[in-house]
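Structure record follows, encoded as C-alpha cells.
The values are calculated or read from the model by the stated rules, or taken from the named source; none is laboratory data. Not measured: the values here are computed from a predicted model. Here the Cβ is made from the backbone with ideal geometry for all residues, glycine too, and neighbour counts use every protein chain on show. Surface accessibility is based on the protein's heavy atoms, side chains included, excluding ligands, DNA and RNA. Shrake-Rupley method; radii C 1.70, N 1.55, O 1.52, S 1.80 Å.
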Amino acid sequence: VQLVESGGGSVQAGGSLRLSCAASEHTFSSYTMGWFRQAPGKEREVVGTISWPGGNTYYADSVKGRFTISRDVAKNTFFLQMNNLKPQDTAVYYCAARIEILGPLAPSKFHYWGQGTQVTVSS
C-alpha cells in the first residue's frame, strides 16, 4: 500500500488547510488510517485516526474541535481538515495505515506511511 499526502503549506494563525492522503489500493476489510505530525526536535505524535468498519474517530486533545478526519471511499482518499490553526500546529504531517482497528495508536503500530507534508502556521 502506498500513501501519498498533499495539501500542506503556510498559513497564518486562525487559517485552515486540508490535507489529503491517497491510498494506492484498498484490499483490507478492516483498517485504521491515522494522521501524525512531527515538529522539529519532537517525537512523532498522533493527531487523529479513523477506523473501518464503523468509521470511529479519535482525536488528540490538542486538536479536538479544530481538526476533522474524513474519507472518500470511492477515491480511496482520506482527509484532515484543519481549522483555527495555531503556530504550535507547525510540523510535518504524515498519514499512516494499519490493518488492525484496535490497539495503541503509537507510530510503531502503523505499517504504511506517506512521505509527509509540511504545515507552517505563522503568528
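Excluding Tyr93 itself, calculate the net charge of residues whose Cβ lies under 15 Å from the Cβ of Tyr93, where each Lys or Arg counts +1 and each Asp or Glu counts -1.
Residues close to Tyr93 contribute a combined charge of +2.
For region 21-121, build the charge dipole from Cβ charges (+1 Lys, Arg; -1 Asp, Glu) around the Cα centre, then report which of Val121, Val73, Ala23 sits farthest towards its positive end.
Val121
Let's see if you can work this out: charge +1 on each Lys and Arg Cβ, -1 on each Asp and Glu Cβ, no other charges. What is the dipole magnitude of the chain about its Cα centre, in debye to the nearest 20?
In debye, rounded to 20, the chain gives about 160.
Are there GluC sites (Glu not before Pro) in region 1-108 that DSSP marks as loop and that have at most 12 other Cβ atoms within 10 Å, and which are they?
Filter output for region 1-108: Glu25, Glu43.
Could you check how much of the accessible area of the chain is carbon and sulfur, as a whole percent, using a 1.4 Å probe?
That share works out to 51 percent.
Relative contact order, percent, of the chain when contacts are C-alpha pairs under 8 Å separated by at least 6 residues?
Numbers: 296 pairs, mean separation 44.3, N = 123.
Reported relative contact order: 36 percent.
May I ask you to list the trypsin sites (Lys or Arg not before Pro) in region 38-107 that are in a DSSP loop and have at most 15 other Cβ atoms within 10 Å of their Cβ?
Loop-located and lightly packed - Lys42, Lys64, Arg66, Lys75.
Need the list of aspartates and glutamates near Lys75 for cross-linking: C-alpha distance under 19 angstrom, and skip anything on the same chain fewer than eight residues off.
The qualifying aspartates and glutamates are Glu5, Glu25.
Compute the accessible area per residue over region 1-107, keeping the other protein chains in place, probe 1.4 Å, unit Å².
Dividing the accessible area of region 1-107 by its residue count gives 50 Å².
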